[in-house]
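A.B. asks: The structure under discussion is supplied below as C-alpha cells; questions concerning it will follow.
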Amino acid sequence: MAKTTIDIDAAKAAKAQAILGTDSLRSTVDAALQHIIAERAREQFVEFAAAGAFADLLDPATEEALWK
C-alpha cells in the first residue's frame, strides 16, 4: 500500500467518519473509496440491465425452461 500525503478538510472527514461509522481517518478514506467503487458497480449493473442483458428472462418460455 502506498503512502500519500494530502490535505483533507477536517469537517468533511468528521462528517464522513460519522456517516460511515469508522474510527480513524485511514479507515474513513478506505470506506469512502470502497463506497464509490461499489456505487459505480451498481450503476454499471443498472446500465447493463437497461441495455437488455436480462430481457430473455422476461420471456415466459425462458422462465419455464429455467425451472425444468
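A.B. asks: What size of dipole, in debye to the nearest 20, comes out for the range 10-66 about its Cα centre when the only charges are +1 on Lys and Arg C-beta atoms and -1 on Asp and Glu C-beta atoms? Please report the intermediate quantities before stating the final value.
C.D. replies: On the way: 5 positive and 9 negative charges, 141 e Å.
Dipole of the range 10-66, to the nearest 20 debye: 680 debye.
A.B. asks: Could you calculate the contour length gain from residue 44 to residue 14, that is, 0.36 nm times the residue separation minus the distance between their Cα atoms, to one decimal place in nm?
C.D. replies: 7.8 nm
A.B. asks: Each residue of the range 24-32 in turn: what ³J(HN,Hα) in whole Hz from Karplus with 6.51, -1.76, 1.60 and θ = phi - 60°, glycine and Pro shown as x?
C.D. replies: Going residue by residue, I get 8, 5, 4, 5, 5, 5, 4, 5, 5 Hz, with x marking Gly and Pro.
A.B. asks: Using Cα atoms only, what is the angle between the long axis of helix 10-20 and the major principal axis of the chain, expressed in degrees (0 to 90) to the nearest 10?
C.D. replies: Helix 10-20 sits at roughly 40 degrees to that axis.
A.B. asks: Further, regarding this structure: Can you give me the distance in nm between label points at residue 1 and residue 35, each placed 7 Å from the Cα along the Cα-to-Cβ direction?
C.D. replies: If labels sit at residue 1 and residue 35, their model points lie 1.8 nm apart.
A.B. asks: Please report, to one decimal in angstroms, the Kirkwood hydrodynamic radius of the chain built from all distinct Cα-Cα pairs.
C.D. replies: This gives a value of 15.5 Å.
A.B. asks: I'd like to know which of 49, 10, 61 lies farthest towards the positive end of the charge dipole of the chain, counting +1 on Cβ of Lys and Arg and -1 on Cβ of Asp and Glu.
C.D. replies: Positive-end residue among those listed: 10.
A.B. asks: Among residues other than residue 8 whose Cβ falls under 14 Å from its Cβ, what is the net charge (Lys/Arg +1, Asp/Glu -1)?
C.D. replies: 0
Taken together, the values in this text are just the output of simple stated rules run on the coordinates, not laboratory data. Computed from a predicted model, the values in this text were never measured in an experiment. Note that each Cβ is placed from the backbone with ideal geometry, even for glycine, and that neighbours are counted across all protein chains shown.
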